[in-house]
1. Just the residues that are among the small types (Gly, Ala, Ser) and more than 30 Å from residue B:83 (Cα to Cα), please, taken from segment A:138-192.
2. Identify all residues within segment A:143-183 that are more than 9 Å from DNA strand C (Cβ to nearest atom), open to solvent by 60 Å² or more (accessible area, probe 1.4 Å) and part of a helix (DSSP H, G or I); write none if there are none.
3. Find the residue count for segment B:161-183, including only residues that are more than 10 Å from DNA strand D (Cβ to nearest atom) and more than 14 Å from chain A (Cβ to nearest Cβ).
4. From A:14, A:66, A:81, grab the single residue that is within 29 Å of residue B:148 (Cα to Cα), at pLDDT below 95 and within 14 Å of chain B (Cβ to nearest Cβ).
5. Please pick out the residue among B:60, B:52 that is surrounded by 14 or more Cβ atoms within 10 Å (Cβ to Cβ) and away from every other protein chain (no Cβ under 14 Å).
6. Looking at A:134, A:112, A:144, A:156, can you tell me which residue is touching a residue at least 60 places away in the same chain (Cβ under 8 Å) and in contact with a helix residue (DSSP H, G or I) (Cβ under 8 Å, 6 or more places away or on another chain)?
7. I'd like to check something: does segment A:78-91 contain any residue that is more than 30 Å from residue B:120 (Cβ to Cβ) and either surrounded by fewer than 21 Cβ atoms within 10 Å (Cβ to Cβ) or touching a residue at least 60 places away in the same chain (Cβ under 8 Å) (or both)?
2 protein chains.
Amino acid sequence: MRFPKLYEQLSPLGPIPESEWERAESLAREQSVERKAHFLRPGDAADRFAVVLQGVFRLVRVSARGGESVKAFRAEGELLGAYAEMLQRMPSMTAIEALEPARVLVFRTQDFQTLEEGHGCWVRVARRVAERHFLLKERREQEFLELSAEERLDTFWAEHPHLRGRVPQRDVAAYLGITEVALSRIMSRRRKRTE
Amino acid sequence: MRFPKLYEQLSPLGPIPESEWERAESLAREQSVERKAHFLRPGDAADRFAVVLQGVFRLVRVSARGGESVKAFRAEGELLGAYAEMLQRMPSMTAIEALEPARVLVFRTQDFQTLEEGHGCWVRVARRVAERHFLLKERREQEFLELSAEERLDTFWAEHPHLRGRVPQRDVAAYLGITEVALSRIMSRRRKRTE
DNA sequence: GACGGAGGTTAACCCAGGTTAAGGCGGCAA
DNA sequence: TTGCCGCCTTAACCTGGGTTAACCTCCGTC
């Protein structure tokens, strides 16, 4: 078990025999990413993904008008990649950028496909990954439909306590779908409300 | 091929041998749903899903505060079910209601699992279904992050032209995350703008 | 034909959040 | 030290959308 983070992430998704773990680890490549450097930038082929070993990343989509919106953050143990673009085999529209000096364990999607062909356990894993991604997005949809920005903020910290102090406020705002000004306002409003 | 809609929906997701089609059809049960009747109501077990043969449905989530938000519409050929709750094996939080007299082809999730155990093609289908659900939600997330209500309205009609005239405006509003009043305002604003 | 309900529109008023612009403050480089 | 830069805050002003409530169809039912 050279990479406990890998094991933590993948083993809850279905039983994987020892021999397959070894095969997987042999395909992985460890890589470090400097603060503010990109794991993936818009236009790159979405042909690899990773497990975060160390650090926090932001997944950013630059809209047509030039505005940045943050789709997600990823920290230790989480999967990193332009998942939608991978599925559609299109170039990435997403920038993936380290907010701290980071280390990741990289797989090429092509190699993962070979894993799948070799053993059915990986197919099950891939399915669970798809389902988990879906559940995350559905929860987020619900938040946009039902909650105010302030409530979304609370939900955010409740769901991501480990990001406290590790992500700049402007990015939290861009994740919530508001401006950094509005976020600052919400926070001061609340500061006063509770004295 | 007793149910062409079933074939249309599922066959693009992966090759399915003739014998498996027959097995699937033997498990399905045709059911009709009256206008305003429910295919599923909150609290029901999320233990079945369907393919829509005829009609339009709305998937509604009733929030804690009693507000209704519309997660999606489903028309002919689309999959109908409380997917998130199915994955999590929890009772449905979603109401699924016919907006027109409708007919559906119902499967019990349990039966579908038997299909999966019998032949690998169904596993592939299940995975593609998960991926498609994810892509839909991701697109919606992006719309909430980047677009105004008015732009979301345009996007909605561009993506769902077949729903024109079949869904009441209040439901479109609830899908966009605004009130029917706001939607009416947007439409009149636009009517004036273009004379 | 009268009535009532469902769905849509309009208007008045309010508030959350966008926009712009002006600081504040800590850290880092010259 | 000074000055700049990145990040955050605050204020002023504007706008989109929420809320409430009145009203208007169009139907379907009696």
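1. Applying the first criterion (among the small types (Gly, Ala, Ser)) to segment A:138-192 yields A:148-149, A:158, A:165, A:173-174, A:177, A:182, A:184, A:188.
Within segment A:138-192, A:165, A:182, A:184, A:188 qualify.
2. A:154, A:158, A:159, A:161, A:162, A:169, A:170
3. Number satisfying all stated conditions: 10.
4. Numbers: A:14 fails: within 29 Å of residue B:148 (Cα to Cα); A:81 fails: at pLDDT below 95.
A:66 is the lone residue from the list that is within 29 Å of residue B:148 (Cα to Cα), at pLDDT below 95 and within 14 Å of chain B (Cβ to nearest Cβ).
5. Details: B:60 fails: away from every other protein chain (no Cβ under 14 Å).
So the residue among B:60, B:52 that is surrounded by 14 or more Cβ atoms within 10 Å (Cβ to Cβ) and away from every other protein chain (no Cβ under 14 Å) is B:52.
6. Details: A:134 fails: touching a residue at least 60 places away in the same chain (Cβ under 8 Å); A:144 fails: touching a residue at least 60 places away in the same chain (Cβ under 8 Å); A:156 fails: touching a residue at least 60 places away in the same chain (Cβ under 8 Å).
Residue meeting the stated conditions: A:112.
7. Among the residues of segment A:78-91, at least one is more than 30 Å from residue B:120 (Cβ to Cβ) and either surrounded by fewer than 21 Cβ atoms within 10 Å (Cβ to Cβ) or touching a residue at least 60 places away in the same chain (Cβ under 8 Å) (or both), which makes the answer yes.
Condition check ((1) within 15 Å of DNA strand C (Cβ to nearest atom); (2) over 26 Å from residue A:132 (Cβ atoms); (3) more than 19 Å from the chain's Cα centre (by Cα)) across all residues:
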position: B:89; (1), (2), (3): no, no, no
position: B:99; (1), (2), (3): yes, yes, no
position: B:108; (1), (2), (3): no, no, no
position: B:114; (1), (2), (3): no, no, yes
position: B:117; (1), (2), (3): no, no, yes
position: B:140; (1), (2), (3): no, no, no
position: B:189; (1), (2), (3): yes, yes, yes
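The values are calculated or read from the model by the stated rules, or taken from the named source; none is laboratory data. Here the structure is a predicted model, which means the values were calculated and not measured. So basically every Cβ, Gly included, is an ideal-geometry build from the backbone, and we count neighbours across all protein chains shown. Heads up: the accessible areas ignore ligands, DNA and RNA and are worked out on the full protein's heavy atoms, side chains in. Shrake-Rupley method; radii C 1.70, N 1.55, O 1.52, S 1.80 Å.
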